[in-house]
Amino acid sequence: MLVMVGLPARGKTHTAQKLCRYLSWLGYESRVFNVGERRRASLGAGQSHEFFDPNNPDGLLARRKLALSVLDELLDWLHGEGRRVGIYDATNSTSYRRQLVRRRCEAAHCEVQFVEIVVSDEAVVEANVRETKLSSPDYVGVDADHAAHDFRARIAHYESVYESLREEDGSFVRLIDRGRSVEMNGIYGYLPARIVFFLINAQTTTRQIWLTRHGESEFNLAGLIGGDSSLSPRGLQYASSLASHVRRRFADDSSLEIWTSTLRRTVETAAPLNRATLRWRVLDEIDAGICDSLSYQQIAETMPREFEARAQDKLRYRYPRGESYRDVIQRLDRVIVELERYRTPVLVIAHQAVLRALYSYFMDMPRDDCPHVSIPLHTVIELTPKAYGCVEERVALEPLVSSGSSS
Ligand code: F6P
């Protein structure tokens, strides 16, 4: 269980949701349990700051009850089949509260790792309050200045009793000022270390990530999968339309990064851009193993069992001597961490299966849907990740008339 720790308006919920999306995408079934939401559902929204005053015994009791009932629900959920990570999203701002949480978790045989978010820059806190808190159901119909004043008073109540994590708290990571500095204690094992690595790299900057498949290839035209063919004449045309589109949108902005796979069709698609590109082997198309360079029809005729098995479970099916979508997701982990770390726009020119995997991460899709996402040729998918969710625009640069099987 991951236990968030931090004063209000530090970005705990945003971090919790981002972690949940990342872990779920990697295949660790995860869920966020938010105590604020439970308070609003149980008591109705709109408690004023006095409710959060630690010297208000009724408020204190009500808050503790709510927090523990959400914790119990999380522990119940975690015991279900296949569940891996529960994220407990609350302030958990005193040692006393954390001890209570830890004891319950230990009794339920659940490992605990704390994630503390510290923001020392008052301007960042103020921006968080204005951008997210004032539009919360707690302040519906309340004048913005009055709401901001009340929320600051709420923060002050928490500050008066706040205790940062200490060694006695056990396993934790503390992120200070959006990763400017990171402190940790007792982090052992693969998953806890992966979580820390992700948190260190995850940025909150809003910038665009563009995804596009290569232009139509000779193999697309012939209806064959995999291979390393060059672009068809129509594919070459797309490469130049893409270059003009990028020039129109980014003009002389030299911060745009361009990534391709190592396969000819993506490298040729990037060529008219005339910019430095990074070639990643991990962006190469799904390895179709013994089915590489065949058409779907040939696979169905010569290896009907393989064809059927893939149709039954496209996410888990692994081509003999090749890869499954799950394998592709695993190898793209590195790319996701890099995309999270970059503050500049990135254009990724890759392949159908690879882009499905990247897209499903940004759009927070159920894993089983990933292999079925529509990623047509000759279309730029322009994503703008925001604090909560991701805005998508699709720009088709040519009429989508297929001149072969390009699915
Ligand atoms: O057909 C183009 C292609 O990129 C193939 O090289 C690849 O095997 C396939 O798409 C992946 O899509 P699907 O998983 O739907 O077969």
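The values are calculated or read from the model by the stated rules, or taken from the named source; none is laboratory data. Bear in mind the structure is a predicted one, so any value in this text is a computation, not a measurement. All Cβ positions, glycine included, derive from the backbone under ideal geometry; neighbour counts span all protein chains shown. When the accessible area is computed, the model is the full protein with side chains, heavy atoms only, and any ligands, DNA or RNA have been set aside. Shrake-Rupley method; radii C 1.70, N 1.55, O 1.52, S 1.80 Å.
Averaged per residue, what accessible area in Å² does region 169-320 show with a 1.4 Å probe, protein chains only?
48
What is the spread of the Cα atoms of region 97-149 along each of their three principal axes, largest first, in whole Å?
46, 27, 14
Any chance you could give the angle, 0 to 90 degrees and rounded to 10, that helix 352-362 forms with the longest Cα principal axis of the chain?
Helix 352-362 and the main axis of the chain meet at about 10 degrees.
Once neighbouring chains are kept in place and the probe is 1.4 Å, which whole percent of the accessible area of region 291-407 is contributed by carbon and sulfur?
Working: 2690 of 5450 Å².
Whole-percent figure for carbon plus sulfur exposure: 49.
Assigning unit charges at the beta carbon (Lys, Arg +1; Asp, Glu -1) and nothing else, what dipole magnitude in debye, to the nearest 20, does region 1-46 show about its Cα centre?
140
Regarding region 163-307, what is the average projected area of its C-alpha convex hull, in nm²?
Averaging across all directions leaves 13.6 nm² for the Cα convex hull.
Under 25 Å Cα to Cα from Lys18, which lysines show up? Leave out anything in the same chain fewer than 8 places away.
Those lysines meeting the cut-off are Lys133, Lys386.
Carbon and sulfur atoms: what percent of the 1.4 Å accessible area of region 32-96 do they account for? If you can, show how the numbers build up before the last one.
Details: 1510 of 3130 Å².
Looking at region 32-96 in its full context, I get 48 percent from C and S.
Tally the DSSP beta bridges in the chain and give the antiparallel ones as a percent, rounded to 5.
Within the chain, antiparallel bridges account for around 40 percent of the total.
By how many degrees, between 0 and 90 and to the nearest 10, does the Cα long axis of helix 57-78 differ from the longest principal axis of the chain?
The answer is roughly 30 degrees.
Among Ser69, Gly80, Ser136, pick out the residue whose Cα is farthest towards the positive end of the charge dipole of the chain, where Lys and Arg carry +1 and Asp and Glu carry -1 on C-beta, about the Cα centre.
Highest projection toward the positive end goes to Gly80.
Suppose every K and R has +1 on its Cβ and every D and E has -1 on its Cβ; what is the size of the dipole of region 29-121 about the Cα centre, in Debye to the nearest 20? Provide the component values of the computation, followed by the final result.
Working: 14 positive and 14 negative charges, 42 e Å.
Using only the charged Cβ atoms, the result is roughly 200 debye.
Could you tell me the largest-minus-smallest coordinate of the C-alpha atoms of region 236-280 on each of the three principal axes, in descending order and whole angstroms?
That works out to 27, 23, 11 Å along the principal axes.
At a probe radius of 1.4 Å, what is the per-residue accessible area of Tyr359, in Å² to the nearest 10?
Its heavy atoms expose roughly 20 Å² to the probe.
If I model region 51-135 as equal point scatterers sitting on the Cα atoms and use the Debye formula, what is log10 I(q)/I(0) at q = 0.16, 0.17, 0.18 Å⁻¹?
Values returned for q = 0.16, 0.17, 0.18 Å⁻¹ are -0.82, -0.89, -0.96.
Could you tell me the center-to-center distance, by alpha carbons, between region 341-385 and region 1-67 in angstrom?
What the calculation gives is 30 Å, centre to centre.
Restricting things to Cα coordinates, could you compute the convex hull volume per residue of the chain in Å³?
Spread over its residues, the Cα hull of the chain gives 161 Å³ apiece.
For region 1-81, take the alpha-carbon Rg, divide it by the Kirkwood Rh, and send me Rg/Rh.
On the way: Rg = 14.4 Å, Rh = 14.2 Å.
Expressed as Rg/Rh, it is 1.01.
Which of Leu19, Leu221, Leu165 moves the most in a Gaussian network model of the chain with Cα springs under 10 Å?
Leu221
Relative to the longest principal axis of the chain, what angle (0 to 90°, nearest 10) does the C-alpha long axis of helix 12-26 take?
40
For the chain, what is the mean residue ellipticity at 222 nm derived from helices alone (per DSSP H run of n ≥ 4: -39500 (n - 2.57); sum divided by total residues; nearest 500 deg cm²/dmol)?
Using -39500 (n - 2.57) per qualifying helix, the result is -13000 deg cm²/dmol.
With a 1.4 Å probe and every protein chain left in place, work out the accessible area per residue of region 1-130 in Å², rounded to a whole number.
Working: 5570 Å² over 130 residues.
Heavy-atom accessible area per residue stands at 43 Å².
Go through Ala300, Ala148, Ser240 and say which Cα lies farthest out towards the positive end of the charge dipole of the chain; charges sit on Cβ, +1 for Lys and Arg, -1 for Asp and Glu.
Ala300
Which value, in debye to the nearest 20, gives the size of the charge dipole of the chain about its Cα centre, when Lys and Arg are +1 and Asp and Glu are -1 at the Cβ?
260
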